[in-house]
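Input: a single structure, listed below in structure tokens.
What follows draws every value from the coordinates through simple rules; no lab data is involved. Quick caveat, the model's predicted, so the values are computed rather than measured. Every residue, glycine as well, gets a Cβ built from its backbone with ideal geometry; the counts of neighbours run over all protein chains shown.
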Amino acid sequence: MAEKPKLHYTRGRGKMESIRWLLAAAGVEFEEEFIEKKEDLEKLRNDGSLLFQQVPMVEIDGMKMVQTRAILCYIAGKYNLYGKDLKERAWIDMYVEGTTDLMGMIMALPFQAADVKEKNIALITERATTRYFPVYEKALKDHGQDYLVGNKLSWADIHLLEAILMTEELKSDILSAFPLLQAFKGRMSNVPTIKKFLQPGSQRKPPLDEKSIANVRKIFSI
Amino acid sequence: MSEKPRLTYINGRGRMESIRWLLAAAGVEFEEIFLQTREQLLKLGQDGSLMFHQLPLVEIDGMKLVQCRAILSYIAGKYNLYGKDLKERALIDMYVEGISDLMQLILMFPFSPPEAKEKNIATISEKATERYFPVFEKVLKQHGQDFLVGNRFSWADVQLMEAILAVEEKVPSVLSGFPQLQAFKTKMSNMPTIKKFLQPGSPRKPPPDENYVATVMKIFKLD
């Protein structure tokens, strides 16, 4: 009897959201333990549960895994979302690094001063439409398949969908010049596990509100 | 006849150094192209050689790989430095990601203003001695083996060795409280491929100096 993975993080998206997406897309049920105050984080640290004193931390298969990328790579490998060989894995890794950079920029926004934030939103929009989305649009165009790598659903597709939705929250028409990405978004949203995750009541987290931002600052001392 | 991997970057450590370390440790010879002008970088972008218009770029096995982690993962996988199964790979990934966070401080250091340098060295020293090195000291002590994962040489060992030497350049006595890491450093230094990489004339690059910083600012337009 396999235990469900258990996620330790705050009640928001942050670095844990990509992990929630990947588990959900893989059809894996998981539990969550939320860090609501600084004492909760301190307890995890004092317990020796956090290898580098940081979250995210995911208890899975007898391990207390930390480091977002390590966790995502493990889940992708375990649930066959990492390509069929080394070369496909390399393509998935490259694509995921791009969407990671893009989402990282967006994740930092709530913690920035108003003028910096405004400047960065413009930068994110520019990067999304000139550096990142063109790459994925071209990949889909070049091979004409439904998925980014190897004609099969992979971590790269799930990560790209998450990035698209996150960027659309900033600018709703961000995909206007990318017809294939629009079609991709439609297809991916209808994958049963993903469709379920996109419905209200799932473990998907909303964007941070003011109160949550203040709490996160307090918990992580930023 | 397989071609040698070809690395495109500037003539300095930066984000390519970990890749040079890993290839060298794996005993793989490689070629290097050093960019000197911004125009060369832009041209590569226009050629379609750079997926996200960024370096490093490594041409290997018919692919133009970008993004450090993707490149390092591929090399580790190809040359059997990535553990024997998913769980060992998970451990290697965790260790490498942690070390990478420490290396990020070192990477950014040359670009910090003069007045912040002393504080940044203190931060590097603190993070190394309180957050990162204790983890690996404990790992080595607990299993008593020569290598971090699976009793076998892996990417994690190479990355840790690189980090130890990089931090020592800033904080010479940083290993004083870590006897296991001192022994580890000695063992790694004596591995034939690493020993060769540590000798003068190898592809290993010197610590960043003002010239390097100026070149980076110029080519990547960071000013």
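Summary table below
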| read-out | value |
| --- | --- |
| Over the stretch A:148-204, volume per residue of the alpha carbon convex hull, in Å³ | 86 Å³ |
| All Cα pairs of the protein assembly as shown, percent lying beyond 42 Å | 12 percent |
| Two-decimal Rg to Rh for the stretch B:1-127 - Kirkwood Rh, Cα set | 1.01 |
| Largest-first principal axis extents, alpha carbons of the stretch A:86-191, Å | 43, 29, 23 |
| Debye equation applied to the C-alpha atoms of chain A, log10 I(q)/I(0) at 0.11, 0.17 Å⁻¹ | -0.56, -1.33 |
| Sequence-distant residues sharing a close amide H with residue A:57 (under 5 Å, placed H) | A:8 |
| Residue (of A:139, A:150, A:34) at the positive-pole extreme of the protein assembly as shown, dipole from beta-carbon charges | A:150 |
| Amide H partners (placed H, <5 Å) of residue B:57, local residues excluded | B:8 |
| Quotient of Cα Rg and 2.2 N^0.38 Å for chain B, N being how many residues it contains | 1.03 |
| Length gained when the stretch residue A:189-residue A:210 is fully extended (0.36 nm per residue, less Cα-Cα span) | 4.7 nm |
| Table column - 3J(HN,Hα) (Hz), the stretch B:33-47, Karplus curve with 6.51, -1.76, 1.60, x for Gly and Pro | 10, 10, 7, 10, 10, 5, 4, 5, 5, 4, 5, 4, x, 5, 4 |
| Mean separation of Cα contacts under 8 Å, 6 or more apart, over the residue count of the stretch A:1-84: relative contact order % | 35 percent |
| Sequence-distant residues sharing a close amide H with residue B:32 (under 5 Å, placed H) | B:7 |
| Gain in span if fully extended, residue A:169 to residue A:196, counting 0.36 nm per residue against the direct Cα distance | 7.8 nm |
| Two-site FRET efficiency, residue B:85 against residue A:141, from Cβ-Cβ distance with R₀ of 35 Å, rounded to 0.05 | 0.40 |
| Local electrostatic count, residue B:197, Cβ distance below 12 Å [Lys/Arg +1, Asp/Glu -1] | +2 |
| Number of partner chain Cβ atoms within 10 Å, mean per residue of A:86-99 | 6 |
| DSSP loop trypsin sites (Lys or Arg not before Pro) with at most 13 other Cβ within 10 Å excluded, longest remaining stretch of chain A | A:85-222 |
| Inverse of mean 1/r across different Cα pairs in the stretch B:13-54, Kirkwood, Å | 11.9 Å |
| Distance from the stretch A:83-99 to the stretch B:45-81 (C-alpha centre basis), Å | 10 Å |
| Pair residue B:127, residue B:53: separation of 7 Å Cα→Cβ label points (nm) | 2.8 nm |
| Within chain A, longest stretch free of exposed GluC sites (Glu not before Pro) [DSSP loop, at most 12 other beta carbons within 10 Å] | A:37-222 |
| Charged-residue dipole, Cβ positions (Lys, Arg, Asp, Glu), the protein assembly as shown about Cα centre, Debye nearest 20 | 260 debye |
| For the stretch B:153-158, 3J(HN,Hα) per residue [Karplus equation, 6.51 cos²θ - 1.76 cosθ + 1.60, θ = phi - 60°, Hz, x = Gly/Pro] | 4, 9, 3, 4, 5, 5 |
| Inverse mean reciprocal Cα-Cα distance (Kirkwood Rh) of the stretch B:84-189, Å | 14.2 Å |
